[in-house]
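Notes follow once the structure below has been shown.
Throughout, read-outs are computed from the coordinates displayed, never taken from laboratory work. Here the structure is a predicted model, which is why all the values come from computation and not from measurement. Glycine gets a Cβ as well: all are built from the backbone with ideal geometry, and neighbour counts include every protein chain shown.
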Protein chains: 4
Amino acid sequence: MQVKVEKKKKVAVVGATGIAGQQFLIALKDHPWFEITVLAASPRSAGKTYENALRTPNGQVNWWQYEPIPAAFRNMIVQNSEELNLKELDIIFTAIDTDAAKALEPIYAAEKPTISTASAFRMEADVPLLMPGVNSNHAAMIAQQQKNRGWKGFIVPIPNCTTYGLACTLAPLHKAFGVKSVLMTSMQATSGAGRNGGVLALDVIDNLVPYIPKEEEKVENETLKILGELGSNGQITDAKIGVSCTCTRVPVTDGHTETVFVGTHKPVTVEQATAAFREYQSDCADLPSAPKNFFQLHDDPFHPQPRIDRDSDGGMTTHVGRIRAEKVLGGIKYVLLSHNTKAGAAKGAIFVAEYLLAQGIIK
Amino acid sequence: MQVKVEKKKKVAVVGATGIAGQQFLIALKDHPWFEITVLAASPRSAGKTYENALRTPNGQVNWWQYEPIPAAFRNMIVQNSEELNLKELDIIFTAIDTDAAKALEPIYAAEKPTISTASAFRMEADVPLLMPGVNSNHAAMIAQQQKNRGWKGFIVPIPNCTTYGLACTLAPLHKAFGVKSVLMTSMQATSGAGRNGGVLALDVIDNLVPYIPKEEEKVENETLKILGELGSNGQITDAKIGVSCTCTRVPVTDGHTETVFVGTHKPVTVEQATAAFREYQSDCADLPSAPKNFFQLHDDPFHPQPRIDRDSDGGMTTHVGRIRAEKVLGGIKYVLLSHNTKAGAAKGAIFVAEYLLAQGIIK
Amino acid sequence: MQVKVEKKKKVAVVGATGIAGQQFLIALKDHPWFEITVLAASPRSAGKTYENALRTPNGQVNWWQYEPIPAAFRNMIVQNSEELNLKELDIIFTAIDTDAAKALEPIYAAEKPTISTASAFRMEADVPLLMPGVNSNHAAMIAQQQKNRGWKGFIVPIPNCTTYGLACTLAPLHKAFGVKSVLMTSMQATSGAGRNGGVLALDVIDNLVPYIPKEEEKVENETLKILGELGSNGQITDAKIGVSCTCTRVPVTDGHTETVFVGTHKPVTVEQATAAFREYQSDCADLPSAPKNFFQLHDDPFHPQPRIDRDSDGGMTTHVGRIRAEKVLGGIKYVLLSHNTKAGAAKGAIFVAEYLLAQGIIK
Amino acid sequence: MQVKVEKKKKVAVVGATGIAGQQFLIALKDHPWFEITVLAASPRSAGKTYENALRTPNGQVNWWQYEPIPAAFRNMIVQNSEELNLKELDIIFTAIDTDAAKALEPIYAAEKPTISTASAFRMEADVPLLMPGVNSNHAAMIAQQQKNRGWKGFIVPIPNCTTYGLACTLAPLHKAFGVKSVLMTSMQATSGAGRNGGVLALDVIDNLVPYIPKEEEKVENETLKILGELGSNGQITDAKIGVSCTCTRVPVTDGHTETVFVGTHKPVTVEQATAAFREYQSDCADLPSAPKNFFQLHDDPFHPQPRIDRDSDGGMTTHVGRIRAEKVLGGIKYVLLSHNTKAGAAKGAIFVAEYLLAQGIIK
């Protein structure tokens, strides 16, 4: 899938002032195919320079990335997300909350490809929950979506950041052995909750919280859709897998760890499962944001560890360790780690756009 | 089980200078039935005052409890654990490592009741893994052990701190519904690893470690023995339950959290499971170290949380929250929390001794 | 100062739903002199039971204390803080933000003694910044305040939680040796920032923040007022001390640690400074909330430590350790720890009310 | 100072298996001037492959860096540090403890340039405590050292990691305004303590420790030597500055933060101090490990923050923020951050070697 992009696509980042929006800026600042021409946010921020839009009344600049605001964006004037000039754009990336997404994304999608990090449209019947390398063929749903809705563009949301790593690791197992049941416990990073209403220090110092509202349902439902079969009618038939989760919040900044117990239809040994991960061929390895290795396997049982491993391969690989026989379910158990604010958020959305561009679906 | 102890029993704490030994001192300093008359440790510490035995070359006093060294022990002379005068003692509590336990505990047990926090003898066929309120009837194995080994005393080890909470919560479920399968993920506190070779800050700041050597096997094996049936031959038949665990270390000082997925033989609703926990009658509620409530149930789905909940009821209750239907296994899922250095260590050992005294097995 | 209170005083806690308000409930639930008869909060909460007022849309009960909501308050109906029936109250404790305090406290104080945790009135000329045991004589300003303002009641605010420990430790040094200069660095707990706009986990995991808006100015100004001289004109002359601070936020839940370098007018040895702390006589030691020891001195240079030491003596003592000669300034340097949400907040305010009651100023 | 190195120098890393030694491997793996030809460690490790030398009895490979063991070193055979063939080496880097350094470094230095991270020789009269860009002229002491000791090589130790940032920031202030007094409080990362006897999680979760043995004396003494004057007799006259420190350990993995209060001889404004930092000309900016900016200045008062800022500029810059007037001492106060395991350890030692090579002192 060698692609040559002659002229960079013009992209807008909507919700550019939030933590996920900032991650888009970092991920896009030197992107070979995409160029941010519009930063958009709520009317409150519109008309300000980007830096000033980040400034709080007490003078703090609410920029939370590990490198400074890219120079190209510091003084760019933030536009009102409700009044974008869509004609001058090729792609819209959104990093906004569910309610804003429900209102704005259909407006964008009527005209342009809209890649969303919000959950608003994930479970709609004509919307693919696209994960390049996992269910790339679901991209075929886009034509149907456009037809149904009379849109020139479309909406493709990325899955929940906790679903992401789970679906990545189930894909090769499902293909090779048939997954029957999945029992997963997540230990999720605090960055996943963003900053407005984000996780308070008091809640996770010397502590963990055994509940994240709505998270378990999302993971269970999204996983079945992602691993589902796309029928000739353009409809997904959910995968027939029993999925049960407990999602917890732990004192980690970035990187979701998940312990996974998998029951399979066919017998599977540790060696076979390891080989399935090792030999898994993503169909997207040439895309700019693709990890060099779709999976990074760990022999050392003390890994993967979030602080040590999360940033390897640009935060886009999925780490798998502690692969062991699962005797109760009949299958395999393992521990995975994926970067919730890279693979599971902005960079993951960009990866989707790259795939759609490479496929000619984004033009 | 009302008991009146006329004269306090004389007890030794062996391994008194370690973190678990220190916990014995705190738990025993005002105990109504037991009085520490001997503090023992390795020959290196013997002959020093207790405080001096805790002192490092750079002058630090390695005392890690939340209250000062109890005055009664500060200047007590530490005895050599290899040369205890057992005649002057009624009970030996040990807080030593496995190798030391293998060497010393049989010597103690030949003469006196020895309650151990070490794993050395847990899986021996004539040794009960006694949890008052869970498998109190296993105390009957002691007579057989004495006969087999020609001992006047005996060894009763307590289970691993991670096993403790799991076995507590499985007991009422197993009794009421028959437990078929258990998939558990632990998020364990750092105090469980002690201080020599303890968990380093570098390993758990903004991080977690998905592996604790030998822990999963212990939990799996001990759980089956604890919930096993004591036959008329004095032998335990392990419970017929499939148990599979992933044990991780998280940045929490005290309190092990476990997410548990349970499959049951009989159907069970959330209400029935909740009732089983609520109505569970421990047969030891009158013992000095017994929790007021064997289980503390949480309606608030954000609980139990280790920092907030671990110390309630003297650290001796087992917290259960997030009780939900487990559809994949057919059963119940929940989150538990128990205090690994109280219920799961020193205080738990004292609780065992209280039970054996109340039963007349310790005299 | 032996006091006998025949009939408990009726008190209101205003701002009862916030974290500081909750601390008042815990501290007052079994108080020998005070009885909460009114829980008040903003109109949004008024009319609900206390528990329901704590409930968020997603069902979480925002109660963050280590013990459950005291039974007496769970179903008490929350009153509107703007419409209190002051006649039925003896004392008002406020735990509200600055703007609310500016609006409401004068209304309360016109009728009743109002003890405030807010900063709104701390620096007003006729308002004492009262710390029993440190500047108890400043209570005499209350009569002047009532005269100036035509109030039947009065406002007495407590100092900032970071000022509290500093002023406590400077008091004996100032008295004995004359303090000339103070250079202080604080390492402050996250609980000090409350929960609305509280410190986010992302900001303090594997991190610290070297700035707390407005904190340094508060500490510098309040310290001079607290240690100032009350003239016969009822005015405070600020202490003539140079105070310079850097206030930082660290990953600790409760307990502010401060490193203090003090220059003194008279020469002082470590022994003399230690004696000054040890022999310091608080004039309030008999009050119900007074610590047994006004200072807890630590010989072990590794202490005080927030997690280990903060709760000793009910969180009302000030810990002092690492007392060393300060050669650059000519004086003494040390490390202090005080509990920012006990001595430095609700319990500290109650302590003030006890003192004023014992003095007959609250009737 | 443009330098062209034709042929890479052959270097040994002694203490290669420890955490500081591992940092040398990462920092040297692609170095343009240096090539590791020898990995050395204690006799216990000698003869094993490097990876096997890191392996513990339970199978864990004790490698703690964020990237894997560089392929070039994984199977290199570790040599016995007591039996190095010095003839085949150009430079020795040591990352060993004080006692080992006392024994081994003179043996190495008799033959070859030895750059040490240990404290053993720092305060010897003929040993420079060299910081390129701060006291580069102290390199002239090396000739004297060789003459005194009859060595063909020499020892140059780097300063303590806490001294490093302090001395960097004092250098421009001392030059421009004359520093009279320094009161510093450090909040040090846990990585500074290494792993053997390293900081335990229990000590810094929800906690900090207000004491680090021997650290304050080191910082005070080393600072005076580094900023001292090299006389024509080859002797350093210590700077006439009063330095007083309190060193604490906080829950941060990497990056030492220091709050600094500085009194100056000449008056200084915030603008002047800021300019002094901004305009400071390091004489080493062209060296491979030199930071692009010797100082990184922060306008945002919430920075520098260790997790966010420590890695910028390769971990070799010194961050300065919160520059404010210091009214009590008459001078300037600020907060600094430097990377204790990069600038303050392995990479800092390599930087010294680069400087000495560029100067022709290492040949």
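Over the range B:161-338, how many percent of alpha carbon pairs lie in each 10 Å bin up to the one with the longest distance? Per 10 Å bin, starting at zero, the Cα-Cα P(r) for the range B:161-338 comes out as 10, 36, 37, 15, 2, 0 percent. Each principal axis of the range B:255-363 carries a Cα extent, and these read 49, 32, 18 Å when sorted largest first.
Take D:G47, move 7 Å from Cα toward the beta carbon, and the resulting point lies 3.7, 7.9, 8.5 nm from the same point in each other copy, nearest first.
Remark: spin-label model distance B:K266-C:A71 equals 3.2 nm, labels positioned 7 Å along the Cα→Cβ axis. Ascending distances from the C:K4 label point to its copies in the other chains, with the point 7 Å along the Cα-to-beta-carbon line: 3.8, 9.9, 10.1 nm. The separation of the range C:227-280 from the range B:218-258, counted between C-alpha centres, amounts to 55 Å. Counting only residues at least eight positions apart within a chain, or on another chain, the aspartates and glutamates with an alpha carbon under 13 Å from that of B:K29 are B:E67. Within the listed set A:Q23, A:Q144, A:Q79, the residue fluctuating most in the Gaussian network model of chain A (springs between alpha-carbon atoms under 10 angstrom) is A:Q144. Sorting A:T94, D:T98 by the number of Cβ atoms found within 10 Å of their own Cβ, with the fewest placed first, yields D:T98, A:T94.
With q set to 0.17 Å⁻¹, the log10 of I(q)/I(0) for the range C:7-91, from the Debye formula over equal scatterers at the Cα positions, is -0.63. A simple spin-label model places pseudo-atoms 7 Å from Cα toward Cβ; at D:E6 and B:N52 they are separated by 6.7 nm. Each label was represented as a point 7 Å from its Cα along the Cα-to-Cβ direction; for C:A275 and C:Q60 these points are 5.4 nm apart. Here is how far apart the C:N58 label points are across copies: 2.4, 3.5, 4.3 nm, shortest first, using a point 7 Å from Cα toward Cβ.
Convex hull volume of the Cα atoms in the range C:72-140, per residue, in Å³?
Values: hull volume 8.8 nm³, N = 69.
So the per-residue hull volume is 128 Å³.
Positive end of the dipole of chain D, charges at C-beta (+1 Lys, Arg; -1 Asp, Glu), about the Cα centre: which of D:S312, D:G330, D:L356 has its Cα farthest in that direction? Looking along the dipole axis, the top candidate is D:L356. Membrane-span-like helices in chain B, defined purely by DSSP H runs whose alpha carbon atoms cover 15 Å or more axially and whose average Kyte-Doolittle hydropathy reaches -0.5, are B:98-109, B:161-177, B:346-358.
Please figure out what share of the DSSP beta bridges in the protein assembly as shown is antiparallel and state it in percent, rounded to the nearest 5.
Working: 110 of 234 bridges.
In the protein assembly as shown, approximately 45 percent of DSSP beta bridges are antiparallel ones.
Close Lys pairs in the range C:161-338 (alpha-carbon distance under 14 Å; sequence gap of 8 or more, or different chains): 8. Rg and Dmax, both from the Cα atoms of the range C:44-171 and both in Å, are 17.0, 49.
Using only Cα coordinates, the Kirkwood hydrodynamic radius of the protein assembly as shown works out to 34.4 Å.
Take the Cα radius of gyration of the range C:125-180 and divide it by 2.2 N^0.38 Å, N being the number of residues; the result is 1.30.
Express as a percent, rounded to the nearest 5, the fraction of DSSP beta bridges in the range B:236-336 (both residues included) that run antiparallel.
About 75 percent, rounded to the nearest 5.
Only Lys, Arg, Asp and Glu count, each charged at its Cβ (+1, +1, -1, -1), so figure out the dipole size of the range D:161-338 about its Cα centre, rounded to 20 debye. List each step's numbers first, then the result.
Numbers: 17 positive and 21 negative charges, 69 e Å.
Roughly 340 debye for the range D:161-338.
Within the listed set A:M316, A:M76, A:M131, the residue fluctuating most in the Gaussian network model of chain A (springs between alpha-carbon atoms under 10 angstrom) is A:M76.
When both the range B:68-117 and the range C:154-179 are represented by their alpha-carbon centers, they are found 49 Å apart. Neighbours of D:H339, meaning other residues whose beta-carbon lies under 13 angstrom from its beta-carbon, give a summed charge of -1 when Lys and Arg score +1 and Asp and Glu score -1. For chain B, the mean residue ellipticity at 222 nm estimated from helices alone is -7500 deg cm²/dmol, where every DSSP H run of n ≥ 4 contributes -39500 (n - 2.57) and the total is divided by all residues, rounded to the nearest 500. Taking other Cβ atoms within 10 Å as a rough exposure proxy, D:Y66, B:Y280, C:Y50, A:Y108 sort from fewest to most as D:Y66, B:Y280, C:Y50, A:Y108. Give me the aspartates and glutamates in straight-line cross-link reach of C:K4: C-alpha distance below 13 Å, same-chain residues under 8 apart excluded. Cα-Cα hits under 13 Å: C:D286, C:E354.
Axis between D and A by rotation; chain D residue with nearest Cβ and distance in whole Å recorded as D:D206, 2. Within the listed set B:D283, B:D254, B:D206, the Gaussian network model of chain B (springs between alpha-carbon atoms below 10 Å) gives the highest mean-square fluctuation for B:D206. Could you list log10 I(q)/I(0) for chain B at q = 0.11, 0.12, 0.14 Å⁻¹, which the Debye formula gives when each Cα is one point scatterer? The calculated log intensity ratios at q = 0.11, 0.12, 0.14 Å⁻¹ are -0.72, -0.87, -1.18.
Would you order D:I19, C:I361 from fewest to most other beta-carbon atoms within 10 Å of each residue's own beta-carbon? Before the final figure, lay out each step's value.
On the way: D:I19 23, C:I361 16.
In order of increasing Cβ crowding within 10 Å: C:I361, D:I19.
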